[in-house]
Protein chains: 2
Amino acid sequence: MTERWLDETEMRAWVAFLDTSNLLLRRIDQQLREDGGLTQPQYELLTRLAEAPGQRMRMAELALALVASRSGLTYQVSQLEKAGLVRREAYTGDDRGILAVLTEQGEQALHRAAPGHLRVVRENLIDLLDRDQLATLADTLSRARAHLRATGGA
Amino acid sequence: MTERWLDETEMRAWVAFLDTSNLLLRRIDQQLREDGGLTQPQYELLTRLAEAPGQRMRMAELALALVASRSGLTYQVSQLEKAGLVRREAYTGDDRGILAVLTEQGEQALHRAAPGHLRVVRENLIDLLDRDQLATLADTLSRARAHLRATGGA
DNA sequence: CGGGGGTGGTTCGAATTCGAACTACACGGC
DNA sequence: GCCGTGTAGTTCGAATTCGAACCACCCCCG
């Protein structure tokens, strides 16, 4: 496999993936900024916290989930802390650990931004597909994610 | 549709898309940096030029294709020009126009970087899917892209 | 208990990106 | 021909991101 090019279908899939990813992330970011003063990375961060037990996560764990560097996460959490949407808390049991905690205000901000965000995701991706296509998309990309995660720290 | 949340499958598809996109772009960037001194955005830029007739494109057109801002493109083209991989050329017929042209060196850089890049794309996405899944992925994401492009300048 | 290697988080400087403002040129109507 | 509106590309300052260096702390092994 040391030199195989991509055939017609493979190329179409890959380029479509790349373009859609670029376009959709940009569109989401635009919408969030206009609509609630959040950026796409910030929205994703808040979402992960909201889904976590106790609405809190270790910094390192959060960085991993967001596919961001530790230093990048430090910056964003600081921004969100200034805005009052996130709070830092000591982690009991390891004095090095810091928990990022979603505040009441953060939850509200998420609640305000969610409908518009969802609308964009639906209009430009989800609602364009039927159930079979949706299931295939979920399966295939979950497999890709698993592979990427598994070979990440190798 | 003013408040519909995502069901199980929809959520799985969307989160997998987001994660895979983040992970894959990061992995590609790592590989390209180690392997040839290019970044992922630079590789994509050179690829678009290589595929264009005459290996050249108008700046505005290129920015649109890459889903980047015009100022961002100015920066990257300048970087690549310093490195000798791209050259700027006047556009005959509109004195405002500038063409970005792939140089011989740029073509060689692309040629050197391509095998490693392809390997990453295959290992983490393409080769994980069978022909049907691949075709579905291409179809669905092409449709999403078309929708995003169509509603872009609305 | 006392290092030594490893992990968690931050700080720092460099690179990249964006949008707004700006300059130069194009095009249509008067 | 000349002006007003619009487009192409660049410049500028601000925001975001990364990796490397750093400090504090954890855990294991002798």
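The values are calculated or read from the model by the stated rules, or taken from the named source; none is laboratory data. The structure displayed is predicted, hence computed values, not measured ones. All Cβ positions, glycine included, derive from the backbone under ideal geometry; neighbour counts span all protein chains shown. Protein only, heavy atoms only, side chains kept; ligands, DNA and RNA dropped before computing areas. Shrake-Rupley method; radii C 1.70, N 1.55, O 1.52, S 1.80 Å.
A compact table of results
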{"quantity": "Inter-copy separations for residue B:96, label at 7 Å along Cα-Cβ, nm, ascending", "calculated": "5.6"}
{"quantity": "Solvent-accessible area of residue B:25 with every protein chain in place, 1.4 Å probe, in Å² to the nearest 10", "calculated": "40 Å²"}
{"quantity": "Accessible surface of residue A:111 - all protein chains present, 1.4 Å probe, nearest 10 Å²", "calculated": "150 Å²"}
{"quantity": "Most to least accessible of A:129, B:125 (protein chains only, probe 1.4 Å)", "calculated": "A:129, B:125"}
{"quantity": "Ellipticity estimate at 222 nm from DSSP helix runs (n ≥ 4, -39,500 (n - 2.57)) divided over chain A, nearest 500", "calculated": "-22500 deg cm²/dmol"}
{"quantity": "Nearest-10 value in Å² for the accessible area of residue A:107, using the 1.4 Å probe", "calculated": "90 Å²"}
{"quantity": "Protein accessible surface hidden between A and B, which excludes ligands and nucleic acids, total in Å², probe 1.4 Å", "calculated": "6500 Å²"}
{"quantity": "For residue A:30, label point 7 Å along C-beta direction: distances to other copies, nm", "calculated": "3.2"}
{"quantity": "Accessible area in the full protein assembly, largest first, 1.4 Å probe, for A:91, B:43", "calculated": "A:91, B:43"}
{"quantity": "Three-way shape label, the range B:36-122, alpha-carbon gyration tensor, a/c 1.5", "calculated": "prolate"}
{"quantity": "Across the identical copies, how the residue A:6 labels are spaced - nm, sorted shortest first, 7 Å along Cα→Cβ", "calculated": "2.3"}
{"quantity": "Coarse-grained scattering of the protein assembly as shown at q = 0.06, 0.11 Å⁻¹, given as base-10 log I(q)/I(0) from a Debye sum over alpha-carbon atoms", "calculated": "-0.23, -0.77"}
{"quantity": "Isotropically averaged projected area of chain B, using the convex hull of Cα atoms (one quarter of hull area), nm²", "calculated": "11.9 nm²"}
{"quantity": "Between the range A:39-82 and the range B:1-47, the alpha-carbon center distance in angstrom", "calculated": "18 Å"}
{"quantity": "Accessible surface, 1.4 Å probe, highest first, among residues A:132, A:35", "calculated": "A:132, A:35"}
{"quantity": "Unit charges at the beta carbon, dipole of chain A: most positive-side option, A:76, A:134, A:120", "calculated": "A:76"}
